[in-house]
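Right, one structure below, let's go through it.
The values are calculated or read from the model by the stated rules, or taken from the named source; none is laboratory data. Quick caveat, the model's predicted, so the values are computed rather than measured. Virtual Cβ from ideal backbone geometry, glycine too; neighbours counted across all protein chains shown. In case anyone asks, the SASA skips ligands and DNA or RNA and just uses the protein heavy atoms, side chains included. Shrake-Rupley method; radii C 1.70, N 1.55, O 1.52, S 1.80 Å.
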Amino acid sequence: MIKSMHKTLTGKLIVLSLGMFGFGFALVPLYDVFCDLTGINGKTATTAASTDAAVIDTSREIIIEFIARPNKDMPWIFKPEISRIKVHPGEVHRINYIATNPTQRFITGQAVPSVAPGQAALYFHKIECFCFSQQQLAGGKDMLMPLQFYVDPALPDKFSTITLSYTLYDVTANTVDIAGSPTKLGE
């Protein structure tokens, strides 16, 4: 009788452990879905927005701050042309980020955006953004990387400042050249 109870308890504990292990793997995709739906974590859209329905609200001004930083493994110099701008919700603006590759090798970069406060990400719409694709830059060169955006007029009044931050990563090792073979560093 006691052996039967131990076997039952052991079986239940094993099933519970396997369930918790599986749930741990499911947390990352579930978190991504949750962030996409709520705008928490400052994730912005990965595709271009449309300005068809945007109406300019001239009664309000929102301060947009721009921050850029390369990841510790990315040797590029990366910064916005301007650090802040005042905009009216619904008004389309274009700014540039500047990237310089001080090395002697070809590098491919990928920018990952984040918006703070996180809830404001739902109202920050990028029409054109260098973050939509990888950026390639030869050694010793620099380039302008455009960002065209607007703030949705439906942005709640509690938000007066939105900070857009980009982190730039070196993805050269993961880049595929036109022929379809991986590009080696330094080529």
Quiz prompt | Checklist (1) touching a helix residue (DSSP H, G or I) at 6+ places or on another chain (Cβ under 6 Å); (2) modelled with pLDDT under 75 applied to Thr108, failing item | solution = (2)
Quiz item: Take the residues of the stretch 61-79 that are open to solvent by less than 40 Å² (accessible area, probe 1.4 Å) and part of a loop (DSSP other than H, G, I, E, B): which is nearest to Val115 (Cα to Cα)?
Solution: Asn71
Self-check item: Failed item in (1) modelled with pLDDT of 65 or more; (2) under 25 Å from Val115 (Cα atoms), with Met1 passing the rest
Solution: (2)
Quiz item: Within the stretch 86-130, can you find the residues that are over 14 Å from the mean Cα position of the chain (by Cα), open to solvent by less than 50 Å² (accessible area, probe 1.4 Å) and of a type in the set (S, T, N, Q)?
Solution: Asn96, Thr100, Asn101, Thr103, Thr108
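May I ask you to say which residue of Ile95, Ile127, Ile85 is assigned to a strand (DSSP E or B), closer than 25 Å to Ala154 by Cα and modelled with pLDDT under 95?
Testing whether each residue is assigned to a strand (DSSP E or B), closer than 25 Å to Ala154 by Cα and modelled with pLDDT under 95 leaves just Ile127.
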Quiz item: Just wondering, is there one or more residues in the stretch 39-52 that are assigned to a strand (DSSP E or B), at pLDDT below 95 and more than 15 Å from Thr163 (Cα to Cα)?
Solution: no
Self-check item: Those residues of the stretch 131-160 which are open to solvent by 10 Å² or more (accessible area, probe 1.4 Å), within 17 Å of Ile95 (Cβ to Cβ) and touching a strand residue (DSSP E or B) at 6+ places or on another chain (Cβ under 7 Å), in sequence order
Solution: Cys131, Gln135, Asp142, Met143, Leu144, Pro146, Gln148, Tyr150
Quiz item: Which of the residues belonging to the stretch 131-148 are touching a Phe, Trp or Tyr at 6+ places or on another chain (Cβ under 8 Å) and over 18 Å from Pro75 (Cα atoms)?
Solution: Pro146, Leu147
